[in-house]
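The values are calculated or read from the model by the stated rules, or taken from the named source; none is laboratory data. Please read all numbers here as calculations on a predicted model, not as lab measurements. We place every Cβ from the backbone using ideal geometry, glycine too, and count neighbours over all the protein chains shown. When the accessible area is computed, the model is the full protein with side chains, heavy atoms only, and any ligands, DNA or RNA have been set aside. Shrake-Rupley method; radii C 1.70, N 1.55, O 1.52, S 1.80 Å.
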Amino acid sequence: IQFSNFNIQRDLESFAWTVTFDVLGKTSFDLIRPQGRTLKTVDININSELFTMVVAKANIQRSQGNVVYRCSGWSQTKLLAFPYATKRAFTDNQARTAAQIVDRELLGTGFNYLWSTVDWLVPLGVHSYQDKTPMGAIIELCNAVGAVVVPHENEKRFDVKPYYPISPWAWDIA
C-alpha cells in the first residue's frame, strides 16, 4: 500500500504508538479502512523495523477536486483501552504484587508484558477501581509505582519500565 504524509510517534507517557497517513488510491484505502466495528491491522516497515498498527479511523476528504484518503490508528495496546475494551469495577480479595495485578488484568486478552521496574506487595483490600478498562487499571498501577507502559512495536505486548532510569531514592548516590 502506498501512502504519503506519514507520521508515527509516541511520547514517554503514552501507552500506544499513534500513526496517521494518507493512502494513495481508493483500492488500497478500501483494503485497510475499518468496516463497522471490525478494525484492520497493517504492518509498517521503517528501515527494517516493523510496526503493527490498528487502523481505527479512516475518512475521505474532498477539496477543490482533490481526494485524500486519510487513516489514523494506534499500536495494538490501544485494544486494551476504551472504546475497544470493556470498562469494569474490581476489588481485590487477596494481597498481590503489582506485577501479579497486571497478570490478572491481562488474563484472556492475548497480551503479555515484561515487568522491568520495582515491585512490591499490595495488601489485601487496597487495590480496587471502578469504571476502568484493563489498560486504565494498569496505567493507574504504573503511576503508583513510578513506571510507564512502553508498547511493543509489533507484538501484543508491552514493557512496564521505571519513569526514571534510576529510582528517586537512589538519586543521591547516582
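Assorted remarks:
- Boolean, Arg62 is in a strand (DSSP E or B) and free of Cβ contacts under 8 Å to residues at least 40 places away in the same chain: yes
- Residue among Ser4, Ser75 that alone is farther than 30 Å from Ala170 by Cα, touching a residue at least 60 places away in the same chain (Cβ under 8 Å) and among the hydroxyl-bearing types (Ser, Thr, Tyr): Ser75
- Filtered residue count, segment 9-58, keeping only those that are among the basic types (Lys, Arg), open to solvent by less than 90 Å² (accessible area, probe 1.4 Å) and over 30 Å from Cys142 (Cα atoms): 1
- Residue satisfying all of: in segment 14-55; acidic (Asp, Glu) and touching a strand residue (DSSP E or B) at 6+ places or on another chain (Cβ under 6 Å); nearest to Val149 (Cα to Cα) among these: Asp43
- Residues of segment 97-121 satisfying the condition of being more than 28 Å from Trp169 (Cβ to Cβ) and either over 14 Å from the mean Cα position of the chain (by Cα) or polar (S, T, N, Q) (or both): Leu107, Gly108, Thr109, Asn112
- The lone exception for Gln76 - which of (1) under 18 Å from Arg10 (Cβ atoms); (2) exposed (fewer than 13 other Cβ atoms within 10 Å of the Cβ) it fails: (2)
- Some residue of segment 21-39 being within 20 Å of Glu153 (Cα to Cα) and part of a helix (DSSP H, G or I): yes
- Boolean, Val55 is closer than 21 Å to Phe111 by Cβ, of a type in the set (Val, Ile, Thr) and either part of a loop (DSSP other than H, G, I, E, B) or out of contact with any Pro (no Cβ under 8 Å at 6 or more places or on another chain) (or both): no
- Cβ-Cβ contacts under 6 Å between residues 6 or more apart (or on different chains), taken from a first residue in segment 10-36 that is under 21 Å from Asn66 (Cα atoms) and of a type in the set (Lys, Arg) to a second residue that is buried (at least 17 other Cβ atoms within 10 Å of the Cβ) and modelled with pLDDT of 90 or more, are listed as Arg33/Ala58.
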